[in-house]
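Participant: Structure in structure tokens, see below.
What follows is calculated from the coordinates using simple rules that are stated; it is not laboratory data. Since we're looking at a predicted model, the values are computed, not measured. No Cβ is skipped: glycine too gets one built from the backbone with ideal geometry, and neighbour counts run over all protein chains shown.
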Amino acid sequence: MRRWLVVLLPVALGWGRTEKEAVPTSFILEHVKDSYDWHITDMPWGRNPDGSRHYIPIVIPLPRILYHPQRGVSVFFVHGHTEAEIKAELEKHGYTLGADGKIAAIDCEPILDLSLTKTAFQLLLVGMLLLWVGRIAAKAYQKNQNGVPTGIARVLEPVILFIRDEVAVPNLHHHADRFMPFLLTIFFFIWLSNLFGLTPLNSNIMGNITLTFLLALIAFLVIHFNASKGYWSHIFWYPGVPVWLKLFMMPIEVIGMFAKPFALMMRLFANILAGHLMMLSIIGLIFILAAVLKSVVVGLGVSVFSVLLGLFVMALETLVAALQAYIFTMLSAVFLGMAMEESH
Amino acid sequence: MWLEASTVHYFGAALGAGLAVIGAGIGIGTLASSALQGIARQPSAAGEIRNNMILTAALVEGVALIAEVVAILIVFLK
């Protein structure tokens, strides 16, 4: 205890004040939201003239792709950081920032913003990684005919067999092989995206509700394009019950039809978002408490607990990354199996 | 007035999040206790019971998470 005091006391006396920019609420929000450039981190680099620390942002710039009905598509990069700088650069290309913070044309024409945002870029990155790994695995199987997997295929085979034997076959029976590509794509894409979100690269792919909405929409379309006659009759004209009950069941079943993919969307989005928020809040607690109480000792004390708790949450999130991918795949397969069941 | 609008927002969001967690906790707790009893009585069915437990836990959790998202939206979009 005394040894700790000896170590901590000079620290407390020396740096009694923490810096103002340490409060991380805006940092957490920036991580969660989508943005026009991929801001990985800030690197401290010397000091400003007024003595505060100077930071160099490490940013991967992403192109703005804007479609204007008269001028067509224009692609350019914006290098500014403050709102005024961004506005000035946009105005060079005939665009400006609207009152709601969105890009608008100077001549007030309605435009289409197709910019490659942070999430879209990372999405493509994960997709290409998946394509590359899949190609390598497929080639490994083409090369050796005795069926023993080599290289990366050795890692993928147990996972693929798990999806086939535990998810596809029990739910889809003899249709399983037809839907394996769909299930595997969904599983590996969600899993890899979630794992990518756990790296310190400022990535939050599945914590974006637009993306999970699209995944749920794909699942919805696959389910309803393969639905049997019995499934539709159970929704719109429930067999074997009186007519008044048929009319009563119809709206409930129609709501249920949309509620299932809605729950898929919300579950994945909220799980990943909650994980990221929890992680950032636990680590951010160090800086918030140190800044509020104006003491580095408090920050150091809290950091012991925060780092241990953060480590635990990180381990949990690694599990959740795979679990959510499994649950999305499993529920898609269950709903698909229910929809394809022949009436009896 | 001593109660500001943003205070009411935060209070509502926190209260909603907490209530949703109570519901999900009761649901998943009951589910896990029943599943463990089932496994204790019939250990050979452990795999199947576990799969169904995860599936049902996901359904319970999904409803709770919808409430949590609403709570987050209250804070972010106020």
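Participant: Given the rule -39500 (n - 2.57) for each run of at least 4 DSSP H residues, summed and divided by the residues of chain A, what is its mean residue ellipticity at 222 nm, to the nearest 500 deg cm²/dmol?
Facilitator: When only DSSP H runs of four or more count, the value is -21500 deg cm²/dmol.
Participant: Can you give me the three principal axis dimensions of the stretch B:7-72 from its C-alpha atoms, in Å, biggest first?
Facilitator: So the extents along the principal axes, rounded to whole Å, are 53, 15, 8.
Participant: Still on this structure, I have one more. When you count, for each residue, the other Cβ atoms within 10 Å and take the mean per peptide, how do A:203-215, B:22-34 rank with the highest first?
Facilitator: My ranking of the peptides, most packed first, is A:203-215, B:22-34.
Participant: Here's a follow-up. Which value, in debye to the nearest 20, gives the size of the charge dipole of chain A about its Cα centre, when Lys and Arg are +1 and Asp and Glu are -1 at the Cβ?
Facilitator: So the dipole magnitude of chain A works out to roughly 700 debye.
Participant: Determine, for each peptide in A:297-309, A:323-335, A:67-79, the mean count of other beta carbons within 10 angstrom over its residues, then list the peptides with the highest first.
Facilitator: Packing order, densest peptide first, comes out as A:323-335, A:297-309, A:67-79.
Participant: I'd like to verify something in chain A: which complete DSSP H helices, judged by Cα projection on the helix axis, reach 27 Å or more and average at least 1.6 on the Kyte-Doolittle scale?
Facilitator: Helices meeting the criterion: A:243-292, A:296-340.
Participant: I would also like to ask the following. Could you compute Rg(Cα) / (2.2 N^0.38 Å) for the stretch A:52-120, with N its residue count?
Facilitator: Rg over 2.2 N^0.38 Å, computed on Cα atoms: 1.20.
Participant: Whole Å is fine, so just give me how far the alpha carbon centre of the stretch A:158-172 lies from that of the stretch A:263-329.
Facilitator: Going from one Cα centre to the other spans 32 Å.
Participant: Under the definition of Cα pairs under 8 Å and six or more residues apart, what whole-number percent is the relative contact order of the stretch A:63-115?
Facilitator: 41 percent
Participant: From other protein chains only, count the Cβ atoms within 10 Å of every residue's Cβ in B:50-56, then give the mean.
Facilitator: Taking the mean over all residues of the peptide, I get 2.
Participant: Then there is this: Over the stretch A:151-245, what is the relative contact order in whole percent, taking alpha-carbon pairs under 8 Å and six or more residues apart?
Facilitator: 13 percent
Participant: So if the hydrodynamic radius of the protein assembly as shown is defined as the Kirkwood radius over C-alpha pairs, what does Stokes-Einstein give as its diffusion coefficient at 20 °C and 1.002 mPa s, in µm² per second?
Facilitator: Once the numbers are plugged in, D ends up at 84 µm²/s.
Participant: Please compute the average number of Cβ atoms from other chains found within 10 Å of each residue's Cβ in peptide B:65-76.
Facilitator: Partner-chain Cβ atoms within 10 Å, mean over residues of B:65-76: 3.
Participant: Cα to Cα, under 18 Å, and not fewer than 8 places away if on the same chain: which aspartates and glutamates meet these conditions relative to A:Lys143?
Facilitator: Partners within reach: A:Glu157.
Participant: Report, to the nearest 10°, how far helix B:46-76 tilts away from the longest principal axis of the Cα atoms in chain B, using its own Cα long axis and a range of 0 to 90°.
Facilitator: Between helix and principal axis, roughly 0 degrees.
Participant: Taking the mean number of other Cβ atoms within 10 Å as a proxy for protection, how do you rank A:89-99, A:141-151 from highest to lowest?
Facilitator: Result, highest mean first: A:89-99, A:141-151.
Participant: Give the average over all directions of the projected area of the C-alpha convex hull of the stretch A:118-251, one decimal, in nm².
Facilitator: 11.3 nm²
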